[in-house]
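The values are calculated or read from the model by the stated rules, or taken from the named source; none is laboratory data. The structure displayed is predicted, hence computed values, not measured ones. Note that we place each Cβ from the backbone using ideal geometry, even for glycine, and neighbour counts take in every protein chain shown. These area figures cover heavy atoms from the full protein model, side chains too; ligands, DNA and RNA do not enter into them. Shrake-Rupley method; radii C 1.70, N 1.55, O 1.52, S 1.80 Å.
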Amino acid sequence: MAKGESILIVDLSCPIELRSYELLSDDFGNIRAYIRLHNLSKKKIVGYNATINWYNALTRARITESISVDQCEVEPLSQFKLVHSTVNCAKVDHVEMYFGSVLYEDGTEWKPGDGDLIEIGEQPLLTGVKLDRLISLAGEDAVQYPQVQKEYWRCVCGRINLLSEEKCIRCQRDRNHVLKHFNPRAVARRDEERNQNRRRREKTGQQKKRAKRKILIILLAALLMAALAIAGYHLGRDGSDLWKDTVNDPGFAWKDADVYFSAYSASNISSL
């Protein structure tokens, strides 16, 4: 992959893809690159030759090295790493790789062709809320909206594919499915549908809670009324029994007569 001001030249036939890298420097002026690669082919890779371009994006200073790896076993459709160091005399901060050949386990070899070089414009990756929405629908590897150009289609994972490819060569997503379900309008529509469903569930949940509270209040009121009725019944029965016992008490009439006589006597005395 060659990088210019705003144009990328991509060899889509290359079976090894550079996915990402990290550059670390030491106190002795050396820099080490931890490069994440991806075997896009359905064959096991056992070796490759490549050119590494180290460069400074500001000064355009470059260091070019050729490497040969002949003792590796990279499974089909899998990721692998390359760790490589160089003297950082140019204060580099970027890395590019060009693959000159790739050797497969079955003895066949890939070499760059002339028919799969495609110029593409740089496409900024999504960030923030838009990226979160896309990931929630398409998966953790989603980085941008898919699109179709004259010679290629770009998958939601960021991979460029020939128009003739019905599946993404990197993630194996179906082209038509990706273009239909993960474009900006479709993502916004599905996100709104999910929000509506969420609001509907929340409303239903609140209604159920209110209904439960209402039922609980009715039950508590019924229990309270039952308790009051039972208490009233017992109090009425006990009061009636107490009155019967008082009336049937042999001393009750004498006590009542004494009270009447005392009141009568007091009245007669006061009239004298």
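Key figures for this structure:
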read-out	value
Leading residue by the ranking (farthest from ILE16 (Cα to Cα)) among those in the stretch 155-169 that are open to solvent by 40 Å² or more (accessible area, probe 1.4 Å) and charged (D, E, K, R)	GLU166
Failed criterion for SER68 (all others in (1) surrounded by fewer than 16 Cβ atoms within 10 Å (Cβ to Cβ); (2) of a type outside the set (Phe, Trp, Tyr); (3) assigned to a helix (DSSP H, G or I) hold)	(3)
Enumeration of residues in the stretch 96-105 that are touching a residue at least 60 places away in the same chain (Cβ under 8 Å), farther than 20 Å from ARG36 by Cβ and open to solvent by 50 Å² or more (accessible area, probe 1.4 Å)	GLU105
Among residues of the stretch 53-65, those that are in a loop (DSSP other than H, G, I, E, B) and among the hydrophobic types (A, V, I, L, M, F, W, C), counted	3
Filtered residue count, the stretch 94-134, keeping only those that are within 28 Å of ALA57 (Cβ to Cβ), part of a loop (DSSP other than H, G, I, E, B) and not charged (D, E, K, R)	6
Where TYR145 falls short, out of the listed (1) within 30 Å of GLN71 (Cβ to Cβ); (2) open to solvent by 40 Å² or more (accessible area, probe 1.4 Å)	(1)
Single unsatisfied condition, TRP110 versus (1) out of contact with any strand residue (DSSP E or B) (no Cβ under 7 Å at 6 or more places or on another chain); (2) open to solvent by less than 40 Å² (accessible area, probe 1.4 Å); (3) closer than 30 Å to LYS44 by Cβ	(1)
Options GLU119, GLU140; residue that is at pLDDT below 90, more than 13 Å from PHE182 (Cβ to Cβ) and open to solvent by 30 Å² or more (accessible area, probe 1.4 Å)	GLU119
Selection count, the stretch 18-52, where residues are open to solvent by 20 Å² or more (accessible area, probe 1.4 Å), touching a residue at least 40 places away in the same chain (Cβ under 8 Å) and in a strand (DSSP E or B)	12
Selection count, the stretch 78-95, where residues are exposed (fewer than 15 other Cβ atoms within 10 Å of the Cβ) and either modelled with pLDDT of 90 or more or hydroxyl-bearing (Ser, Thr, Tyr) (or both)	5
Residue match in the stretch 175-190 (condition: closer than 30 Å to SER13 by Cα, modelled with pLDDT of 95 or more and among the β-branched types (Val, Ile, Thr))	yes
